[in-house]
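Take a look at the structure below.
Bear in mind that the values in this text are calculations on the coordinates, not laboratory data. Note that the structure is a prediction, hence the values are computed from the model and not measured. Cβ: placed from backbone, ideal geometry, glycine included. Neighbour counts: every protein chain shown.
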C-alpha cells in the first residue's frame, strides 16, 4: 500500500482561503508548495486522494513555519500528481 501525506492533529486547524481579502490583514510568512504523487503512484491513488494529500502537505508545511492560514494562489493538476501553490499567513484568532 502506498502512503500519502496525512494532516496531523495540529495542522487540521489551518484554514485555507481562495480569496485574498480573507488574509489581507494577516502577517505574511512565506510561500508554500504542497504536492503529492509521482509517475508510479497515479495508478494506485485516486485523484481525490492525491488532492487531499497535497492539501495535507500544504497544511503541515504551514504549521512548521507558524502559519494558521493559507491563501491558495494556484492549483496545478498533472496527470500523475497534484500541486498547490500558496502563501502562508498568521492571522488573528477569531
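Once the piece of chain linking residue 65 and residue 48 is laid out straight, how much longer is it, given 0.36 nm per residue of separation minus the C-alpha distance between them?
Working: separation 17, 0.36 × 17 = 6.12 nm, distance 2.64 nm.
This chain segment gains 3.5 nm when fully extended.
How long is the gain from residue 31 to residue 9 if the chain were fully straight, where each residue apart is worth 0.36 nm and the alpha carbon distance is subtracted?
5.7 nm
At a 10 Å Cβ-Cβ cut-off, how would you order 65, 16, 70, fewest neighbours first? Provide the component values of the computation, followed by the final result.
On the way: 65 11, 16 16, 70 25.
The fewest-first ordering by Cβ neighbours comes to 65, 16, 70.
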